[in-house]
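The values are calculated or read from the model by the stated rules, or taken from the named source; none is laboratory data. As the structure is a computational prediction, the values presented were derived from the model and not from experiment. Cβ placement follows ideal geometry from the backbone for every residue including glycine, while neighbour counts extend to all protein chains displayed. Only protein heavy atoms, including side chains, enter the accessible area calculation; ligands, DNA and RNA are left aside. Shrake-Rupley method; radii C 1.70, N 1.55, O 1.52, S 1.80 Å.
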Amino acid sequence: VYGPVYSWRLGMSLGLDPLATEDKACNFDCVYCQLGKTKILTNDRQIFVKTKNLMDEIKSLPEGQHVDYLTFSGRGEPTLAANLGDMIQSLRKIRPEPIAVITNSSLMHLPEVRQDLAQTDFVLAKLDACSQHSLESIDRAGQLVFQEIVGGIIEFRKIFKGKLAIQIMLIEENLSLVKQLADIVKIINPDEVQLNTPLRPCAVGKISPSQLAEAKTYFKNINVVTVYDAPPEEYSPMDVSATIKRHGDFDKIRSNI
């Protein structure tokens, strides 16, 4: 458990890391990731953290902390946790806040992953690529098929009763692909599109507010929010080192805008 952190998409978010590995565990190695390179590159779902251990830690938190969302994110891709659905069900029994998952969408073609995610209130599904080539060059995905990823999101949209957002991280490398991305998003028909650009320290640079505003124009008749629309807010997480380990150097965001 880490944070709470301020999220421009979620408000005050209490982070839940279902992986909690020392090294980042993911099936992507995105060029812009604020956590650096992926050292544990895997597509295998497994139990990293026992559900009871996560629940015990949540129960031990001090009372009175305002939280808008309980958010699964952390040291990699949360749907790699084979007990993610069990964690979500257990959370429902002890906490009243809505539950969100930030996912790279890579495993949503699996029925069991869609079933796990369907138990939440808000799914933020990533889509930075519009082809197999851009998936491999931007997200640097290992042994994943672009069409399977998009198909998984589309199938999930059919069954999900909560809020679905498509989050797109825009950098110089995929800025020219916005029209193709928008065409795919229109097929998915999410509740919201979130246009982001790296503001935390990472290996690539951000695009400007004017570039992001222009990108926004391609998503007509869709609710679109951008990272520049919401000014950053200061916050004090319970454990600064645990938060930086999973959330990047949040304290440098203000100076990076």
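When you go through (1) out of contact with any helix residue (DSSP H, G or I) (no Cβ under 9 Å at 6 or more places or on another chain); (2) open to solvent by 70 Å² or more (accessible area, probe 1.4 Å) one by one for TYR218, which number turns out not to apply?
(1)
Only one residue in LEU164, LEU170 is closer than 23 Å to LEU80 by Cβ and modelled with pLDDT of 95 or more. Which one?
Working: LEU170 fails: closer than 23 Å to LEU80 by Cβ.
Exactly one residue qualifies, and that residue is LEU164.
Of the residues LEU127, LEU164, which is surrounded by fewer than 21 Cβ atoms within 10 Å (Cβ to Cβ), within 27 Å of PRO98 (Cβ to Cβ), within 16 Å of the chain's Cα centre (by Cα) and hydrophobic (A, V, I, L, M, F, W, C)?
LEU164
In segment 26-60, how many are assigned to a strand (DSSP E or B) and under 23 Å from ALA165 (Cα atoms)? Explain how you work it out, then say what you get.
The first filter runs over segment 26-60 and keeps only residues assigned to a strand (DSSP E or B), leaving 26, 40-41, 46.
Next, from what is left, pick out any that are under 23 Å from ALA165 (Cα atoms): 26.
So the answer is 1.
Looking only at segment 130-161, which residues are crowded, with 23+ Cβ neighbours inside 10 Å, in contact with a strand residue (DSSP E or B) (Cβ under 9 Å, 6 or more places away or on another chain) and within 19 Å of LEU35 (Cα to Cα)?
The one that is crowded, with 23+ Cβ neighbours inside 10 Å, in contact with a strand residue (DSSP E or B) (Cβ under 9 Å, 6 or more places away or on another chain) and within 19 Å of LEU35 (Cα to Cα): ASP139.
Yes or no: segment 168-178 includes at least one residue that is closer than 23 Å to GLY36 by Cβ, touching a Leu at 6+ places or on another chain (Cβ under 9 Å) and part of a strand (DSSP E or B).
Yes, segment 168-178 has at least one match.
Can you find a residue in segment 136-154 that is over 28 Å from ALA20 (Cβ atoms), touching a Ser or Thr at 6+ places or on another chain (Cβ under 9 Å) and outside any loop (DSSP other than H, G, I, E, B)?
yes
If we keep just the residues of segment 25-62 that are polar (S, T, N, Q) and open to solvent by 30 Å² or more (accessible area, probe 1.4 Å), which is nearest to the chain's Cα centre (by Cα)?
The initial filter retains those residues of segment 25-62 that are polar (S, T, N, Q), namely 27, 34, 38, 42-43, 46, 51, 53, 60.
If we keep only those that are open to solvent by 30 Å² or more (accessible area, probe 1.4 Å) as well, we get 34, 43, 46, 53, 60.
On the way: GLN34: 12, ASN43: 17, GLN46: 19, ASN53: 23, SER60: 26 Å.
The selected residue is GLN34.
What are the pairs with Cβ atoms under 8 angstrom where one residue, in segment 90-101, is open to solvent by 70 Å² or more (accessible area, probe 1.4 Å) and the other, located anywhere, is among the hydrophobic types (A, V, I, L, M, F, W, C)? Sequence gap at least six, or different chains.
ARG92/ILE99
Among the residues of segment 197-221, which ones are in contact with a strand residue (DSSP E or B) (Cβ under 8 Å, 6 or more places away or on another chain) and of a type in the set (Gly, Ala, Ser)?
ALA213, ALA215
One line per residue, one yes/no per condition, for (1) open to solvent by 10 Å² or more (accessible area, probe 1.4 Å); (2) more than 22 Å from LEU110 (Cα to Cα); (3) β-branched (Val, Ile, Thr):
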{"residue": "ASP23", "(1), (2), (3)": "yes, yes, no"}
{"residue": "GLY64", "(1), (2), (3)": "yes, yes, no"}
{"residue": "SER73", "(1), (2), (3)": "yes, no, no"}
{"residue": "GLY85", "(1), (2), (3)": "no, no, no"}
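Within the set of pairs 6+ apart or on separate chains, which have a first residue in segment 144-173 that is within 30 Å of ALA213 (Cβ to Cβ), a second that is hydroxyl-bearing (Ser, Thr, Tyr) and in a strand (DSSP E or B), and C-beta atoms under 7 Å apart?
Close Cβ pairs (under 7 Å, with a partner that is hydroxyl-bearing (Ser, Thr, Tyr) and in a strand (DSSP E or B)) do not exist here.
How many residues are of a type outside the set (A, V, I, L, M, F, W, C), farther than 27 Å from ILE99 by Cβ and open to solvent by less than 30 Å² (accessible area, probe 1.4 Å) when one looks only at segment 167-201? Can you show your working first?
Going residue by residue through segment 167-201, those that are of a type outside the set (A, V, I, L, M, F, W, C) are 167, 172-174, 176, 179-180, 183, 186, 189-192, 194, 196-198, 200-201.
Still in the running and farther than 27 Å from ILE99 by Cβ: 172-174, 176, 179-180, 183, 186, 201.
Still in the running and open to solvent by less than 30 Å² (accessible area, probe 1.4 Å): 174.
Summing the residues that are of a type outside the set (A, V, I, L, M, F, W, C), farther than 27 Å from ILE99 by Cβ and open to solvent by less than 30 Å² (accessible area, probe 1.4 Å) in segment 167-201 gives 1.
Among the listed residues LYS158, LYS186, which satisfies the condition of being modelled with pLDDT of 95 or more, farther than 21 Å from ARG9 by Cα, of a type in the set (Lys, Arg) and part of a helix (DSSP H, G or I)?
Working: LYS186 fails: farther than 21 Å from ARG9 by Cα.
Unique residue meeting the criteria: LYS158.
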